[in-house]
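In what follows, a structure is listed as structure tokens, so that the remarks can point back to it.
The values are calculated or read from the model by the stated rules, or taken from the named source; none is laboratory data. This is a predicted model, so every value here is computed, not measured. Cβ placement follows ideal geometry from the backbone for every residue including glycine, while neighbour counts extend to all protein chains displayed. Note: areas computed on protein heavy atoms with side chains; ligands, DNA, RNA excluded. Shrake-Rupley method; radii C 1.70, N 1.55, O 1.52, S 1.80 Å.
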Amino acid sequence: MGHATAASLRAFAESLLAALGAHPVVARDVAWATTEASLDGVDTHGLTLLPRIVKRVDAGRAQMSEPARARDIEAAVDVVDAALTPGQHATMVAVRAAVERAKRHGVGYVSVLQSTHFGACAPFLRALESEGLAGMVGSNSLRSMAAFGLERANLGNNPFGFVIPAEPGPAFLFDASAAVMSFGRRRQLLDAGEALPAEAWVVPQGEVEDLGVCEIADSLDHLAVPFGGYKGASVAVFVELLAGLLAGGHVGAET
């Protein structure tokens, strides 16, 4: 049996999404970003997300037929209306808008509204690096983390990352969530029959609302713990302020 190449996997993912009614640009962006994440060895945020994206569309909580759009081409600061497209596509629209604005104004800051889960930060950071730009990518998310010493979901495990180009030599690239461990990695461990690290998860106390965590984790049995305690929780708040509050989007319990 032959081995699949990155190009063939990307082409398969793109054709699959297109067959399900995705706009060509949406299909291309999602296929590219998920393939890149899998090539990084982070398949929890790569091609294995495709069934979840399709499930979200089938449930009417996302759509793939109309692409996301930037608003003001002249400004250094802009907002992308994701229109509930897959986050991989919406983030690539934002990246392209930020690159265009940075080259015109020296800096580009683009927020995204009405997006969905975008997977890993690294593919988008490398897209910035390929243009010779330093950049940061991050997102707030559904409440899934027990922060500031509480044992209930009060903050998202908000992913963030940044890249600094270097020449010659590889760029410095950082990509993480504010939690000790991602829900995708949790799922991997449970599927493999392995124990969860005690320092990464807490069992929620009291009544737990279904706030969408189950879509990420398949369960509300555990809540993520921020890395570094209050420090990681504060980083998550910082990401929430940048990605949600300053964009005029959902924050806190609304997210």
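Taking amide H positions as placed in the peptide plane 1.01 Å from N, state which residues far from residue 155 in sequence (5 or more) or on other chains have amide H under 5 Å from it.
For residue 155, the qualifying residues are 144, 145, 147.
Can you tell me, using C-alpha contacts under 8 Å and at least 6 residues apart, the relative contact order of region 1-84 as a whole percent? Walk me through the numbers before you get to the answer.
Details: 80 pairs, mean separation 19.1, N = 84.
Rounded, it is 23 percent for region 1-84.
What number in nm² do you get for the chain if you take the convex hull of its Cα atoms and divide its surface by four?
Values: hull surface 60.1 nm².
The number I arrive at for the chain is 15.0 nm².
Within the chain, what percent of beta bridges assigned by DSSP are antiparallel, to the nearest 5?
About 70 percent, rounded to the nearest 5.
With +1 on each Lys and Arg Cβ and -1 on each Asp and Glu Cβ, how big is the dipole of the chain about its Cα centre, in debye rounded to the nearest 20?
Values: 19 positive and 28 negative charges, 68 e Å.
Magnitude of the dipole: close to 320 debye.
Apply the Kirkwood formula to region 138-182: the hydrodynamic radius equals the inverse of the mean of 1/r over all pairs of different alpha-carbon atoms; give it in Å with one decimal.
12.1 Å
Quick one: ranking 40, 29 by accessible area, 1.4 Å probe, largest first, what do you get? Before the final figure, lay out the partial values.
Working: 40 75, 29 10 Å².
Ranked list, largest accessible area first: 40, 29.
Carbon and sulfur atoms: what percent of the 1.4 Å accessible area of the chain do they account for?
Exposed carbon and sulfur together represent 59 percent of the surface.
With every protein chain present, what is the per residue accessible area of the chain (1.4 Å probe, Å²)? If you can, show how the numbers build up before the last one.
On the way: 12620 Å² over 255 residues.
Computed with neighbouring chains in place, this is 49 Å² per residue.
Among 179, 158, 138, whose Cα sits farthest toward the positive end of the charge dipole of the chain (+1 at Cβ of Lys/Arg, -1 at Cβ of Asp/Glu, about the Cα centre)?
Going by the charge dipole, the pick is 138.
Ranked by accessible surface with a 1.4 Å probe, highest first, in what order do 222, 250, 117 come? Could the numbers behind the result be given before it?
On the way: 222 45, 250 95, 117 70 Å².
Largest accessible area first, the list is 250, 117, 222.
Answer with one residue from 89, 189, 201: the one whose Cα lies farthest towards the positive end of the charge dipole of the chain, charges on Cβ with Lys, Arg +1 and Asp, Glu -1.
Final value for the positive-end residue is 89.
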